[in-house]
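I have placed the structure first, in the form of structure tokens, so that the comments after it can refer back to it.
The values are calculated or read from the model by the stated rules, or taken from the named source; none is laboratory data. Here the structure is a predicted model, which means the values were calculated and not measured. Because the Cβ atoms are built from the backbone with ideal geometry, glycine has one as well, and the counts that use them run over all protein chains shown.
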């Protein structure tokens, strides 16, 4: 079924930085607190008018520097200079929470052998620590190293599993994996240049 204009309007928003329209799942929503301060609304549940920005550090920094939130909210809006750092930190927390849910649901495993078994049993989403050894990733994924998500540090990847560090995590494809992929995609835009983001095999 083709999406109508009304349906599209419900699912798309305009990025304050670029002026381009995109699906809401590909943007980050911000809300205005009662004191007039701009706050990230990653879950998209806060009341009131929202302002939307592409998930990229440069885009958000540009919006803050030019005071564009006032245009989006149509009123005075105060945005912290380190708002991008706040978004990055909150996205890491969201991914960590989702990984914890996936672990408890039996949909996520860590460790080389468990991840290799998960990948061998079918379609799985592979996460590899961005500060982990590429040699280890090559041994696990073979020639498909570019198919791993590489946006979390080893400490960030290990925390949901009660570990100080983790190098590999494999996720069963499903609702939680889809949510984790979305949050990792948004997080990649707020991490330093050169950090990889590829879809798992």
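Odds and ends about this structure:
- Number of the condition not met by residue 91 [criteria: (1) surrounded by 12 or more Cβ atoms within 10 Å (Cβ to Cβ); (2) more than 30 Å from residue 158 (Cβ to Cβ)]: (2)
- Of all residues making up region 24-35, the number that are modelled with pLDDT under 95 and touching a strand residue (DSSP E or B) at 6+ places or on another chain (Cβ under 6 Å): 1
- Taken together, 66, 114 contain a single residue that is more than 21 Å from the chain's Cα centre (by Cα) and without any contact (Cβ under 8 Å) to a residue 40 or more places away in the chain, which is 66.
- Breaking point among (1) under 26 Å from residue 42 (Cβ atoms); (2) crowded, with 20+ Cβ neighbours inside 10 Å; (3) modelled with pLDDT of 90 or more, for residue 200: (3)
- Hits in region 9-25 (condition: surrounded by fewer than 18 Cβ atoms within 10 Å (Cβ to Cβ) and without any contact (Cβ under 8 Å) to a residue 60 or more places away in the chain): 9, 10, 11, 12, 14, 18, 19, 20, 21, 22, 23, 24
- Residue count for region 67-82, restricted to those that are out of contact with any strand residue (DSSP E or B) (no Cβ under 7 Å at 6 or more places or on another chain), in a helix (DSSP H, G or I) and either more than 16 Å from residue 31 (Cα to Cα) or at pLDDT 95 or above (or both): 1
- The listed residues are 141, 166, and the only one of them that is in contact with a strand residue (DSSP E or B) (Cβ under 6 Å, 6 or more places away or on another chain) and not assigned by TED's automatic domain parsing to the domain that holds residue 52 turns out to be 166.
- Residue that is farthest from residue 188 (Cα to Cα) [pool: residues in region 43-56 that are within 17 Å of the chain's Cα centre (by Cα) and crowded, with 18+ Cβ neighbours inside 10 Å]: 52
- Checking residue 122 against (1) in the same structural domain as residue 99 (by TED's automatic domain parsing); (2) within 18 Å of residue 99 (Cβ to Cβ); (3) modelled with pLDDT under 95, the condition it does not meet: (2)
- Count of region 29-51 residues which are closer than 17 Å to residue 16 by Cα and either without any contact (Cβ under 8 Å) to a residue 12 or more places away in the chain or outside any loop (DSSP other than H, G, I, E, B) (or both): 9
- If the condition is being under 13 Å from residue 30 (Cα atoms) and either out of contact with any strand residue (DSSP E or B) (no Cβ under 8 Å at 6 or more places or on another chain) or modelled with pLDDT under 95 (or both), then region 83-99 contributes only 84.
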